[in-house]
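S.K.: What follows is a single structure, and I will ask about it in a moment.
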Amino acid sequence: MLLIRASTVFIMVFIVVALSACIKKSSLKNNEFTPPKLEKKKFEMKYNGAIYQAGMPLILFNDTQGRSIGDIITIRLVESATALASSDTKAEKGQNVELPSPTVAGETVTQNDKKVLENNLTAERDFRGGGESNQSHNFQAVITVSVVDVLPNNYLVVRGEKLLTLNQSEDYIRFSGIVRPQDVGEDNSVESQKVANVRVSYSGRGVLSHANKMGTLAKFFQSEAYPY
């Protein structure tokens, strides 16, 4: 008996260790969200006597809107959605069959003054099912991102992150998407609802984040691998 208990404990410990090894630890370090590297352009003077040389950067009229690689754009995250679905199904069916007592040689078959061949069949079925799903979320924040690429149609690919370290806890917001230059306002900002292919991540790690996560053994008992 002790041998069986010891083997059971060993198997459980082995499963927990195996699941712990499979856990992927999230890392806040991701080079994907670092600002793009800009190449320094060298300008060669030709000394041909002209004030302005070919290739010299000359901007007479310009605004503060980002439109080139390395520029920054402020994204106003205003995301809200509400979904409600409900269903109700009801089905009923009833059936009644009466078989009167037949007559044999002109007489009704009886026994003890009872019609033994008379039958009455009744069947009923009733089914009702219902379901309801309600989901909503609301997320608001502000993050400034960098333009990492300009598409052939002049659309801007933006990407960036914001990392906050407060009292032993690290929270971060990561954003990426595609922005139309005409959607960028005069204050160099655009709402996230006007951004295509939006990907927003809001998470963190630390004491508070760890306290809200389920433990390894609890995940095992809540997973499909648990046979009971």
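S.K.: Tell me which residues, restricted to the range 119-143, are loosely packed, with under 10 Cβ neighbours inside 10 Å, touching a residue at least 40 places away in the same chain (Cβ under 8 Å) and hydrophobic (A, V, I, L, M, F, W, C).
M.R.: none
S.K.: Which of the residues spanning the range 52-83 are assigned to a strand (DSSP E or B) and at pLDDT 80 or above?
M.R.: Ile72, Ile73, Thr74, Ile75, Arg76, Leu77, Val78, Glu79, Thr82, Ala83, listed by residue number.
S.K.: Select, from Glu98, Glu107, Glu92, the only residue that is modelled with pLDDT of 80 or more, out of contact with any His (no Cβ under 6 Å at 6 or more places or on another chain), on the phi < 0 side of the Ramachandran plot and not polar (S, T, N, Q).
M.R.: On the way: Glu98 fails: modelled with pLDDT of 80 or more; Glu107 fails: modelled with pLDDT of 80 or more.
None of the others qualify; the one that does is Glu92.
S.K.: Of the residues Ser192, Ser169, Ser201, only one is touching a residue at least 24 places away in the same chain (Cβ under 8 Å) and more than 16 Å from Val78 (Cα to Cα); which?
M.R.: Ser169
S.K.: Go through the range 67-106 and count every residue that is surrounded by 10 or more Cβ atoms within 10 Å (Cβ to Cβ) and hydrophobic (A, V, I, L, M, F, W, C).
M.R.: 7
The values are calculated or read from the model by the stated rules, or taken from the named source; none is laboratory data. Note that the coordinates shown come from a computational prediction; the quantities given were computed from them, not determined experimentally. Positions of Cβ are generated from backbone atoms using ideal geometry, with glycine treated the same way; all protein chains shown enter the neighbour counts.
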